[in-house]
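Input: a single structure, listed below in structure tokens.
The values are calculated or read from the model by the stated rules, or taken from the named source; none is laboratory data. Everything numeric here is computed off the predicted structure, so don't read it as measured data. Glycine gets a Cβ as well: all are built from the backbone with ideal geometry, and neighbour counts include every protein chain shown.
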Amino acid sequence: MITQSVAAFLQPHTSSPSMPLVARAMCCLMTGDFSGEDFDKVLNAQLDSLAISPQAKQGIIPALLGIAKLAKVQSQRYVCAALSLGI
């Protein structure tokens with residue numbers, strides 16, 4: 001679901017055939033342990049690989065960071081639920 005959300009944000013800004021792959025890579029990064037400046041650099045590099053304009057990046061990056069926060073909250077809920085069930 002996160003990959004689909006990322007792809008939906010990227011699709012209108014690129015015609016790159018590698019967009020699905022980059023969206024998946026971004027999803028993996030967003031659910032990983034990247035944060036702060038390193039995360040921003042990686043996102044920028046991936047958006048550059050899709051030839052996304054600097055103007056579009058200004059809207060896309062905050063959206064991707066929001067998706068990353070949502071993904072972390074959801075994963076924390078799953079862990080808490082699993083722990084409460086004794087899984």
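Here F9 meets the list (1) of a type in the set (F, W, Y); (2) outside any loop (DSSP other than H, G, I, E, B); (3) modelled with pLDDT under 80 almost entirely, failing just condition (3).
Answer yes or no: is there a residue in the range 4-12 that is among the small types (G, A, S) and surrounded by 16 or more Cβ atoms within 10 Å (Cβ to Cβ). Give the steps one after another, and end with the answer.
Step one: of the range 4-12, the residues among the small types (G, A, S) are 5, 7-8.
Okay, now just the ones that are also surrounded by 16 or more Cβ atoms within 10 Å (Cβ to Cβ), so 5, 7.
Yes: the range 4-12 contains one or more residues that are among the small types (G, A, S) and surrounded by 16 or more Cβ atoms within 10 Å (Cβ to Cβ).
With respect to A25, is the statement that it is without any contact (Cβ under 8 Å) to a residue 12 or more places away in the chain and part of a helix (DSSP H, G or I) true? Don't jump to the end; show me each part of the working.
Values: without any contact (Cβ under 8 Å) to a residue 12 or more places away in the chain: no; part of a helix (DSSP H, G or I): yes.
Against the criterion (without any contact (Cβ under 8 Å) to a residue 12 or more places away in the chain and part of a helix (DSSP H, G or I)), A25 does not qualify.
Table: residues versus (1) part of a helix (DSSP H, G or I); (2) modelled with pLDDT of 80 or more.
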{"position": "F39", "(1), (2)": "yes, no"}
{"position": "V42", "(1), (2)": "yes, yes"}
{"position": "L47", "(1), (2)": "yes, yes"}
{"position": "A51", "(1), (2)": "no, yes"}
{"position": "L64", "(1), (2)": "yes, yes"}
{"position": "Q74", "(1), (2)": "yes, no"}
{"position": "Y78", "(1), (2)": "yes, no"}
{"position": "A81", "(1), (2)": "yes, no"}
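Residues in the range 16-63 that are farther than 18 Å from I2 by Cα and surrounded by 16 or more Cβ atoms within 10 Å (Cβ to Cβ): L50, I52, A56, K57.
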